[in-house]
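Any read-out appearing in this document is the output of simple, stated calculations on the displayed coordinates, not a laboratory observation. Predicted model, so just to flag it, every value in this text is computed and none were measured. Don't worry about glycine lacking a Cβ; one is built from the backbone with ideal geometry, like all the others, and counts go over all protein chains shown.
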Amino acid sequence: MSRKMLTEERFNNLIDEYGNEILRLCYLYLKDYQLAEDAFQDTFLKIYNNFHKFNGLSTEKTWITRICINTCKNYLRNPWKRKVKLGNSELIQNEISDREIFDELEKSELFNSIMNLKQTYKEIILMYYYQQLSVKEISQILDISETNAFTRLSRARQFLKERIGGNIDE
């Protein structure tokens, strides 16, 4: 079996296609913009180094999101994580350059309620609403059954509904 090679052009296309979503997800997980940038770079470094392992059993977006989430979880486990730099400062400059989006998001009651959820509920809300992944894709990323993913999503919605009131399905 031959290894799939990732050309520089294909790598740049992956960054263009998924970069904003991945940086946003890193920020939502880590709650720190600089740390999110580091996790973003670390995620794409892992993608570059391991692209040959992508087997196509899921979509690229699912595979990349799973790498991102695992990277963020590692950062949360070890706050003194060694920073990994790709050596290409253009990657971040081309991504979300205006921090105002994140500052406004942090001010919202819904965002604060989401960030205060238990990790299992927070991650499913972030993937479903912010990453716009399907329950099936989420179950693949988290390596859980679709039923379990749907149950977590329902419980997370219920917790949010109780905290802020109203309808959060929209």
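The phi torsions of segment 128-136, fed into the Karplus equation with coefficients 6.51, -1.76 and 1.60 and a -60° offset, translate into couplings of 6, 8, 8, 8, 6, 8, 6, 4, 5 Hz, rounded to whole numbers, with Gly and Pro shown as x. Peptides 37-48, 151-162, 123-134 ranked from most to least packed give 37-48, 123-134, 151-162, packing being the mean of other C-beta atoms within 10 angstrom over each peptide's residues.
Taken one residue at a time, the phi angles of segment 109-122 give Karplus couplings (6.51, -1.76, 1.60, θ = phi - 60°) of 5, 5, 4, 4, 5, 4, 5, 8, 6, 4, 3, 5, 7, 4 Hz. Gly and Pro are set to x. For segment 1-72, the alpha carbon convex hull comes to 77 Å³ per residue, rounded to a whole number.
Taking a 26 Å limit on the Cα-Cα distance, which of the listed pairs 31/53; 53/122; 118/161; 61/161 fall beyond it? Those over the limit are 31/53; 53/122; 61/161. Of the peptides 29-36, 68-75, 8-15, the ranking by mean beta-carbon count within 10 Å, highest at the top, reads 68-75, 29-36, 8-15.
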